[in-house]
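What follows is calculated from the coordinates using simple rules that are stated; it is not laboratory data. What you are looking at is a predicted structure, and each value in this text was computed from that prediction instead of being measured. No Cβ is skipped: glycine too gets one built from the backbone with ideal geometry, and neighbour counts run over all protein chains shown.
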Amino acid sequence: MTASVVGLSHRDRRVAILGLGYVGLPVAVRAAEAGFDVVGLDIDVGRVKRLGAGESYVEDISDEALGAVVDAGCFHATTSWDDLAGFDYAVITVPTPLRDGNPDLSYIEDATRGIAPHVRRGSCVILESTTYPGTTEELVGPLLEEGSNLLAGRDFHLGYSPERIDPGSVTWTLVNTPKVVSGIDTASLRAVQGFYDRIVDRTVPVASPREAELTKLIENTFRHVNIALVNELAMFARDLGVDIGNAIEAASTKPFGYMRFDPGPGVGGHCLPIDPSYLSWQVKRSLGHAFRFVELANDVNDHMPDYVVRRLILGLNTRERALKNSRVLILGLAYKPNTADLRESPALQIADQLLTLGADVRAADPHVNGKGIDARIQRVEVTEDEVAAADLVVLVCDHAAFDLDMVSRTGRYVFDTRHRLHGANVESL
Ligand SMILES: NC(=O)c1ccc[n+]([C@@H]2O[C@H](COP(=O)([O-])OP(=O)(O)OC[C@H]3O[C@@H](n4cnc5c(N)ncnc54)[C@H](O)[C@@H]3O)[C@@H](O)[C@H]2O)c1
């Protein structure tokens, strides 16, 4: 994303972004760069203060890019709903977590109720949060109508457009990733598509919000299931005496009909551990069926941290050491390379189990600060001394900043959950 603020042609159009996290902040900054007058609302006072000072907490948005739109007066963050008055487009990008295994739509409900009194004739409301098919029409629409005394479709536009950002990726950005767009009727679709046509390279219209909502869940469920497949294969392959990494490498040479997925220590983030369960919950509730692929994938992926810990215990055992009191260095706490995202991170689950079993756990992660990390984990830098002093080094998240050659060379026993390291002292998942 460029730091420069381009064009002022849409500055008379006001955009409200509700929820300024991994998804909302990039949309807000991009819309401001594209010439809209953008106001972002978040309930987190600390975040809003930081944004006002031009300080970004999302890796994909540099302080420079944020500062440019703040200084130009085309983006400002607020906690006050009144500041959203007079918006033309509102984009809802709030969390959609699970609560006791069920979809928790309370954030969407709160944001929708907050924006509803500001909906006017001709305004356009777009939901971006990931959710099950039907949410836009069955939940968001009625709440907006109730709070505005207007009718969706007749008086204001309403649609859904799933976010596809890949945090940390420099190849695929908000701008060059095609954006699926939908509306509850033709005029709504035109309004939603018109908005995104100004901020991304390509929009892909679909027939209804339900189709757009399902599109996002298909994408994430596909990934979740395929990761589970290679994870389960990795466990079997080892017992069969086959190197899964080499086999996947060879399979990936097939130029058609195959898409590469790699095994890992488990899935993290806000998407894979959660989104497929929105779909299985809906299938169960509406149709009475179990969505078996999702349930199986959840089972395999959820247990990968346990499997990693079992392998570590076995590896140390072979070296005549107990895990208890062993010095273990975890490389990478985030769930995704080159990000600071700790949500549902398998590294935290692995660390927790190692601590419970009495290991001396240290961790290095250049992206993650101390917030939200168990105080018993000692934070260290990845120096040769630190690696050499560890009884066991576990690569959990392969940030580009790590000197992997040094780790392979120096570690006495290295366990590699990412198939990135080689050497006699390296054992792979
Ligand atoms: N992170 C990703 O890679 C990604 C990718 C695609 C889709 N999504 C989806 O996008 C949605 C948002 O995810 P995220 O990763 O940006 O979450 P996030 O936690 O990074 O950000 C959400 C923000 O919303 C704020 N918020 C909560 N309730 C609010 C309310 N009532 N009004 C205004 N702000 C409120 C929070 O304080 C937070 O700053 C989720 O549905 C997620 O599944 C995320």
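Assorted remarks:
- Dipole check for the chain: with +1 at the C-beta of Lys and Arg, -1 at the C-beta of Asp and Glu, and the Cα centre as origin, the magnitude is about 420 Debye.
- Gyration tensor verdict on segment 292-429 (Cα atoms; rounded if a/c is under 1.5, prolate if a/b is larger than b/c, oblate otherwise): rounded
- Under the criterion of Cα pairs below 8 Å and six or more residues apart, the relative contact order for the chain equals 10 percent.
- Listed residues Asn298, Ala375, Val393: farthest to the positive end of the dipole of segment 285-407 (Cβ charges): Asn298
- Residues Met259, Met304, Met235, Met406, sorted so that the one with the fewest Cβ neighbours within 10 Å comes first: Met259, Met406, Met235, Met304
- Given +1 at the Cβ of Lys and Arg, -1 at the Cβ of Asp and Glu and no other charges, the dipole of segment 153-220 around its Cα centre is 100 debye to the nearest 20.
- Antiparallel bridges, percent of DSSP beta bridges restricted to the chain (to nearest 5): 10 percent
- Placing +1 on the Cβ of every Lys and Arg and -1 on the Cβ of every Asp and Glu, with no other charges, gives segment 307-391 a dipole of roughly 300 debye about its Cα centre.
- Taking Val300, Val426, Val140 and counting other C-beta atoms within 10 Å, the order from fewest to most: Val426, Val300, Val140
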